[in-house]
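> To start, I am sharing the structure in question, which I have written as structure tokens.
The numbers here are math on the coordinates, done by the rules we state, and not lab data. Note that the structure is predicted; figures quoted are calculated from it, not measured. With ideal geometry, Cβ positions are generated from the backbone for all residues, glycine too; neighbour counts draw on all protein chains shown.
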Amino acid sequence: MFASHTPKLRTNFKNRRACGLGLFAALALYSLIGVAGAQQYPARSVRIVVAAPPGGLTDVVARALSQFLQERLGQPFVVENIAGANNTLGAIMVGRSAPDGYTLLINPSLFVITPMLLNVPYAVVKDFTPVSNLGTVPLAMAVNPDVPAKKLREFLALAKANPQNFSWATDGIGSVGYLTEERIQHDAGFKLLVVPYKGVAPAVIDLLAGRVSAMVTPVPNLIEHFRAGTLKPIAVTTKERVDTLPDVPTLAESGLPGIEIGSWYGMWGPAGMPREVVNVLNREIAEAMKTPRVIEGVVAQGLIPVGSNAVDFAAFQNTEIAKYDRIIKEQKIKVEN
């Protein structure tokens, strides 16, 4: 009886073996197609959108990186400045683009804060693919030289005792510097008038003139005034001291633990970008941020290069969103569109 079934068993085995080989071949082909797709990217010109005018740090970082990527990958990486609508026009355009890696966005950390304060037609987590944290920029707190405080502790004591005599300058409600100012006075237990300006330059001018008392902003906006002695640095907002200001203590060293805030610059694409494309960009961006000529250009503008991978950047981004959401809710910060 057993012998009579042997041919059928052999036939079934052959069929199953053939099916198994076919499945293996299909999976191998699919894998090869994926690798080929990654190797072929980019096959044409890539747009890098900067949602700000030319000349700022975002633009400088984008152009240094685009030149490197073009040389490495053999296709043009073209920077396009699309400013307007509180720096949201460029983001809107990228978010609505095909998720094929041919339209990318470079923006500062304000990008993740804006949807918490303004009505915008996108959600950062839902509508964008995080690609890389390109680098960070430390913030510093500066005071006018006439303010009788050399250390942050002294300024806090003065502000608590006579809040009507002091004020903050900010380059915009909702900026990282403004949110840091709010966090400092919340944790220290005082409240000063905050004077908003349309940009860094007019805010620094009034700080130099003594029309406002203090300001928190990225170090590059203040470093020359610190060196000239026209403004006094009394704290940095980073976890560790800043190389360019080695004698200036951190907020934690000054009695305000738990505050670690910095500006940072990232790259995003539309939601749903292929993993293979993101991997190519991650590999090349990591290399760029180790290349001396790229580093020299961005470090001169105050950026500390990072070049993280997409997984780490997504986790970092979500942590930052939670941090700023907490500050905005605690301080009941609102901005009119």
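> Quick one: give the max-minus-min coordinate of the C-alpha atoms of the range 138-236 along each principal axis, largest first, in Å.
30, 28, 24
> Order these peptides, 212-225, 276-289, by their mean beta-carbon neighbour count within 10 angstrom, highest first.
212-225, 276-289
> Next question. Once every Cα of the range 64-204 carries one equal point scatterer and solvent is ignored, give the base-10 log of I(q)/I(0) from the Debye formula at q = 0.12, 0.17 Å⁻¹, two decimals.
Computed log10 I(q)/I(0) values: -0.66, -1.02.
> Let me ask you something else. For the chain, with the dipole built from +1 on Lys and Arg beta-carbon atoms and -1 on Asp and Glu ones, taken about the Cα centre, which of ALA149, LEU222, PRO274 lies farthest toward the positive end?
Ranked along the dipole, the leading option is PRO274.
> For ALA43 and LEU89, FRET efficiency with R0 = 22 Å and r from the beta-carbon atoms, rounded to 0.05?
Result of the calculation: an efficiency of 0.20.
> Arranged from highest to lowest average of other beta-carbon atoms within 10 Å per residue, in what order do the peptides 58-71, 198-211 appear?
58-71, 198-211
> Please compute the modelled spin-label separation between GLU296 and GLU71, points set 7 Å along Cα→Cβ, answer in nm with one decimal.
For the pair GLU71/GLU296, the computed spacing is 1.1 nm.
> Once you place label points 7 Å from the Cα toward the Cβ at LEU208 and LYS126, how far apart are they in nm?
Each label point is offset 7 Å from its Cα along the Cβ direction, giving 4.5 nm.
> Over the chain, how many percent of alpha carbon pairs lie in each 10 Å bin up to the one with the longest distance?
With a bin width of 10 Å, the distribution comes to 5, 23, 28, 19, 10, 5, 4, 3, 2, 1, 0.
> Another one. Go through VAL204, GLN317, GLN185 and say which Cα lies farthest out towards the positive end of the charge dipole of the chain; charges sit on Cβ, +1 for Lys and Arg, -1 for Asp and Glu.
GLN317
> On to the next question. Work out from phi, with θ = phi - 60° and the Karplus expression 6.51 cos²θ - 1.76 cosθ + 1.60, the ³J(HN,Hα) of each residue of the range 81-88, listed in order in whole Hz, and give x for Gly and Pro.
Result, ordered by residue: 8, 10, 9, x, 6, 6, 6, 10 Hz.
> Please turn the phi angles of the range 46-57 into ³J(HN,Hα) values with the Karplus equation 6.51 cos²θ - 1.76 cosθ + 1.60 (θ = phi - 60°), one per residue in order, whole Hz, x for glycine and proline.
So the J values, rounded to whole Hz, are 10, 9, 10, 8, 10, 7, 7, x, x, x, x, 4.
> Sticking with this one: Quick check on the chain: helices-only [θ] at 222 nm, where DSSP H runs of length 4 and up contribute -39,500 (n - 2.57) each and the sum goes over total residues. Nearest 500, please.
Helix contribution divided over all residues of the chain: -15000 deg cm²/dmol.
> I've got another one for you. When the chain is fully extended, how far beyond the present Cα-Cα distance does LYS329 get from ASN119, taking 0.36 nm per residue of separation?
74.0 nm
> Would you mind working out the magnitude of the charge dipole of the chain relative to its Cα centre, with +1 at each Lys and Arg C-beta and -1 at each Asp and Glu C-beta, to the nearest 20 Debye?
So the dipole magnitude of the chain works out to roughly 1360 debye.
> If you stretched the chain out fully between ALA315 and LYS151, how much longer would it get, using 0.36 nm times the residue separation minus the C-alpha to C-alpha distance?
The span from ALA315 to LYS151 would gain 55.6 nm if fully extended.
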